[in-house]
There are 2 protein chains.
Amino acid sequence: MRVLGVDPGLTRCGIGVVDGGGGREVRCVWYGVVRTPADQDLSRRLLTVADAVQEAIATHRPDVVAVERVFSQTNVQTVMGTAQASGVVALAAARAGLDVVFHTPSEVKAAVTGSGRAGKEQVATMVAKLLKLSEKPRPADAADALGLAICHCWRGPMMARMAEANARAKELAKAHRARLAEAAKARR
Amino acid sequence: MRVLGVDPGLTRCGIGVVDGGGGREVRCVWYGVVRTPADQDLSRRLLTVADAVQEAIATHRPDVVAVERVFSQTNVQTVMGTAQASGVVALAAARAGLDVVFHTPSEVKAAVTGSGRAGKEQVATMVAKLLKLSEKPRPADAADALGLAICHCWRGPMMARMAEANARAKELAKAHRARLAEAAKARR
């Protein structure tokens, strides 16, 4: 499974592509960062981010796109820009016919370092270690994007199994309700 | 000037197109709303919104796109979805080569009703009156989108003049600094 991870942002948007096998083995395919100037129009900045993600998808042909789930932070203006960037990233994936999954920063930290409260440096160190890179990926946004992709390589199969189990349970419940209705009809 | 106004949202996204002349005269060209099911994947929902805005731009060929500026509200999850929707709307406009302007809800309310604290019904009533519609545009999201477009018809020219004045002032300041530097050089 090839995962394209994105740490969305307008100032810096990290993109990382990781191959995962069945087990814990992960391999770095590519990573990079796209920057947009703060004095530029918001719509232009979003266009630059969207184009970069589109290009990365076309070049690396991932099976799925993992995006960091944006939470409200102290700086409302920043979080709005980040949310808007994550919107155009999800759109680019949908346009390419890819599924988009969201993971929270603490899910990523927990998956990569074992602690949901790990710092940026710890995440970068563990990402480099797991991907056998000679040095920490820079900037931190690129390391976060790779961490997100690793997180999805590991959590993805479990999430798929859970979704399958949920769908199966729903179907069983539906069949059960149908049988009950039929029995009630027969009694009338 | 033809303005396409968008009240961004995932559940309902209002779109309204208004023609403005030089004065206060405004004319309704078209309005509509795009809805996406809450149980659908976020990326699919964003795709539906983006496609609807793209289609409205292609059909009505506006000169500019006005989008409601998203603020943090009480419900963080809703505001994130709205911000993501506003991101793909701005992207659609940028892809069509159009400028995107943002107005806050209170700027729209103030422009249309005279009060920044007007309620949704008041806005819809005034929008219908200003556009000489026989009834209030429904749903409220469509009325808000039309209000946004009207707001831009009226505020746009002033904003353009201010931007021009700012650019001119910046240029003058730059020229002044250059002259100062030259004078300093000559003195050395």
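What follows is calculated from the coordinates using simple rules that are stated; it is not laboratory data. Please read all numbers here as calculations on a predicted model, not as lab measurements. Cβ coordinates were reconstructed from backbone atoms using ideal geometry, including for glycine residues, and neighbour counts include every protein chain displayed.
Structural remarks
- Estimated distance in nm for a label pair at residue B:133 and residue B:51, the labels positioned 7 Å out from Cα along Cα-to-Cβ: 2.5
- Likely footprinting exposure, B:152, A:176, fewest C-beta neighbours within 10 Å first: A:176, B:152
- Exposure proxy ranking, count of Cβ atoms within 10 Å, fewest first, for B:99, B:7, B:19, A:141: B:99, B:19, A:141, B:7
- Think of chain B as having a plus end and a minus end, set by charges on the Cβ of Lys, Arg, Asp and Glu; of B:90, B:183, B:116, B:183 sits farthest toward the positive end of this dipole.
- Charge sum, other residues only, whose C-beta stays under 13 Å from residue A:114's C-beta, Lys/Arg counted +1 and Asp/Glu -1: +3
- Sparse-neighbourhood loop sites, trypsin sites (Lys or Arg not before Pro) in region A:1-70 - DSSP loop, at most 10 other Cβ within 10 angstrom: A:24
- Inter-chain Cβ neighbour average for residues B:37-43, partner chain, 10 Å: 4
- Around the Cα centre of region A:76-188, unit charges on the Cβ atoms of Lys, Arg, Asp and Glu (plus for the first two, minus for the last two) sum to a dipole of about 760 debye.
- Test item: Cα-centred dipole of region B:2-156, Lys/Arg +1 and Asp/Glu -1 on Cβ, debye: 300
- Under the convention that each Lys and Arg Cβ holds +1 and each Asp and Glu Cβ holds -1, the size of the dipole of region A:1-77 around its Cα centre is about 100 debye.
- With both residues required to sit in the protein assembly as shown, DSSP beta bridges show an antiparallel share near 60%.
- For trypsin sites (Lys or Arg not before Pro), the sites in region A:120-163 that DSSP calls loop and that have at most 14 other Cβ atoms within 10 Å are A:132.
- Projected label points at residue B:167 and residue A:44, each 7 Å from Cα along the beta carbon direction, are separated by 1.1 nanometres.
- Cα gyration tensor shape of the protein assembly as shown, rounded if a/c is under 1.5, else prolate or oblate by comparing a/b with b/c: oblate
- Average partner coverage of A:138-144, which counts Cβ from other chains inside 10 Å: 0
- Using only the C-alpha atoms, the convex hull of region B:1-144 corresponds to 103 Å³ per residue.
- Exposure here means at most 12 other Cβ atoms within 10 Å; with GluC sites (Glu not before Pro) in a DSSP loop as sites, the longest stretch of chain A lacking them is A:26-134.
- Of the residues A:165, A:62, A:151, the one whose Cα sits farthest towards the positive end of the charge dipole of chain A is A:165 (charges of +1 on Lys and Arg Cβ, -1 on Asp and Glu Cβ, taken about the Cα centre).
- Bridge type composition, chain A - antiparallel percent by DSSP, nearest 5: 60
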